Amino acid sequence: MTSDHDTGTIERLDSGITELAGYRDPDRNGWTREVFSAPYRESRQWTAARMRDAGLDVSTDPAGNIIGRLEGASPNAPALVTGSHTDTVDGGGRFDGIVGVVGAIEAARQLRESGTRLSRDLLVVDFLGEESNVFGLSCLGSRAAARELTPADLDRKDYRGVSLGQAYTDFGLDPDALTQVQWARKPLHAFLELHIEQGPTLEQRQLPLGIVTAITGIERFIATFSGSADHAGTTAMTDRQDAMIAAAEAVLAVRREGCGAPTHGVATTTRVESESRSPNVVPSLVRMMSEVRSVDTSWLGGVKGRLTGEILAKAGEYGVDVNFDWSTDNEVVHASPGVQDVVASAADTLGIPWMPIPSGATHDAVHMATLAPMGMIFLPSRAGKSHCPEEWSDTSDIATGVTALVHALQALDTADLTRVTATP
Ligand code: HGY
Ligand code: MN
Ligand code: MN
């Protein structure tokens, strides 16, 4: 059941993806719409209008999340929540996060237009700023909803010295009110997010649907290498304390760590920069930004000790000191077995083939999991590409994901999620 979809649905999904993609930074590659940027600010009006057009009551909470509400029979019952994000990485694509907002709005429209009245409110959320940003912190809106955004986070500075708190103020949000997210202060029944896989597995297995079992944990660090500035032309190779060489060794150590993971594990260095701009000085101060991810909690828990020790020892051979600033972007989070069961039986009833799948990407679902039983539905990414302009998912696959979302939300509405069953 993947090709026969209502033409209205296909048209609305296509137009939604296309119109939202139009809000992009013309000076950056791909479909760039980073949090707090001008195109992102303009796109928030579009999202709110699209929710209203689908018949939802729309509001924006103090953390900048846009919430579309489909009233249920008993509005005081714990709400059902779905949604994702519409911000992108620099040079990003048109589907990461966006599918889970445009698709969720379409699902709510289908429920309303079919005359389905859920027993509880359904909240469709476009979470502010899911992507990791210049402040090094992902999932701003869902983190605030989960009361995980701290005053120290607001003091984080970007490379220009602007604090995250100032960025909120400049965007029109009150940093002191960020945790007063009332909809998330009440008990919630469940959270279910539709998202692209951002990897190749579903396409390789020719499956239209994935049911997420766990979401990767992320450990990030900035390492500062301090050596000695010297004349690049007159200093013998054996007399140098070259911070760039120590950083280069560290980049390879990070790669070895990722390749050595026993199950799912990856490690990436995304930035190495020398303080000096001169091309004729041995680098004395170099900063490096890396991250390590895994769904294997014990392996990920040992990464900091292993990498810190190895990088310090190697840098010492070059007479270079290293300072580390480690942060846990998020711990490994397991999807609710109850929600997984409900989604699996909805897909089986619809005749949609699926597989259980871990997520190597992090999501707003990580933080929503602290508020309610959480689940995610994945749909295929062409060639597994994401976080790049080539990111693509077929509209028919998105529509299949929406169909699964509609039926899973209806089943979740009356499900007793306290049952803990074996994961599918
Ligand atoms: O980084 C991630 O995994 C997500 O795309 N924010
Ligand atoms: Mn995403
Ligand atoms: Mn992303």
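Highest mean packing comes first when the peptides 151-159, 381-389 are listed by Cβ atoms within 10 Å, giving 381-389, 151-159.
What the Cα convex hull of the stretch 217-330 gives, in volume per residue, is 86 Å³.
Between the residues ILE222, TRP299, ILE245, the greatest Cα displacement towards the positive end of the dipole of the stretch 217-330, with unit charges on the Cβ of Lys, Arg, Asp and Glu, is found for TRP299.
Each DSSP beta bridge with both residues in the chain is either parallel or antiparallel, and the antiparallel ones are about 70%. How tilted is helix 7-21 with respect to the longest principal axis of the chain? Cα atoms for both, answer in degrees (0 to 90, nearest 10). For helix 7-21, the angle is close to 30 degrees. Derived scalar couplings between HN and Hα for the stretch 341-356 equal 4, 5, 5, 4, 6, 5, 5, 4, 4, 7, x, 9, x, 8, 9, x Hz in order, rounded to whole Hz, by the Karplus curve 6.51 cos²θ - 1.76 cosθ + 1.60 (θ = phi - 60°), x for Gly and Pro.
The residues neighbouring ILE357, those whose beta-carbon lies less than 11 Å from its own, together hold a net charge of 0 under the Lys/Arg +1, Asp/Glu -1 convention. In order along the stretch 289-298, the Karplus-derived 3J(HN,Hα) couplings, from 6.51 cos²θ - 1.76 cosθ + 1.60 at θ = phi - 60°, round to 10, 9, 9, 10, 10, 6, 8, 8, 4, 6 Hz, and Gly and Pro are given as x.
Counting only protein heavy atoms and a 1.4 Å probe, the stretch 89-247 has 37 square angstrom of accessible area per residue.
Within the accessible area of the chain, what % is carbon and sulfur when the probe is 1.4 Å and the other protein chains stay in place? Looking at the chain in its full context, I get 50 percent from C and S. 3J(HN,Hα) along the stretch 51-63, derived from phi through the Karplus expression 6.51 cos²θ - 1.76 cosθ + 1.60 where θ = phi - 60°, amounts to 5, 4, 4, 8, x, 9, 7, 10, 9, 10, 8, x, 8 Hz, with x in place of Gly and Pro.
In terms of packing, defined here as the mean over residues of other Cβ atoms within 10 angstrom, the peptides 323-330, 54-61 line up highest first as 54-61, 323-330. When you restrict to C-alpha pairs under 8 Å that are six or more residues apart and normalise by the size of the stretch 217-330, the relative contact order lands at 44 percent. How large is the direction-averaged shadow of the alpha-carbon convex hull of the stretch 18-63, in nm²? Averaged projected hull area, Cα only: 3.7 nm². Directionally averaged projected area (the chain, Cα convex hull): 20.8 nm². Taking a straight Cα-Cα cut-off under 20 Å and skipping sequence neighbours fewer than 8 places away in the same chain, the lysines within cross-link reach of LYS304 are LYS314. Rounded, prolate or oblate, given the Cα gyration tensor of the stretch 1-156, with a/c below 1.5 counting as rounded? Since a/c reaches 1.5 but b/c is at least a/b, the shape of the stretch 1-156 is classed as oblate.
The values are calculated or read from the model by the stated rules, or taken from the named source; none is laboratory data. Nothing here was measured: the structure is a model prediction, and the numbers come from that model. Backbone-built Cβ (ideal geometry, glycine too); neighbour counts: all protein chains shown. Keep in mind that these areas ignore ligands, DNA and RNA; they rest on the heavy atoms of the full protein, side chains included. Shrake-Rupley method; radii C 1.70, N 1.55, O 1.52, S 1.80 Å.
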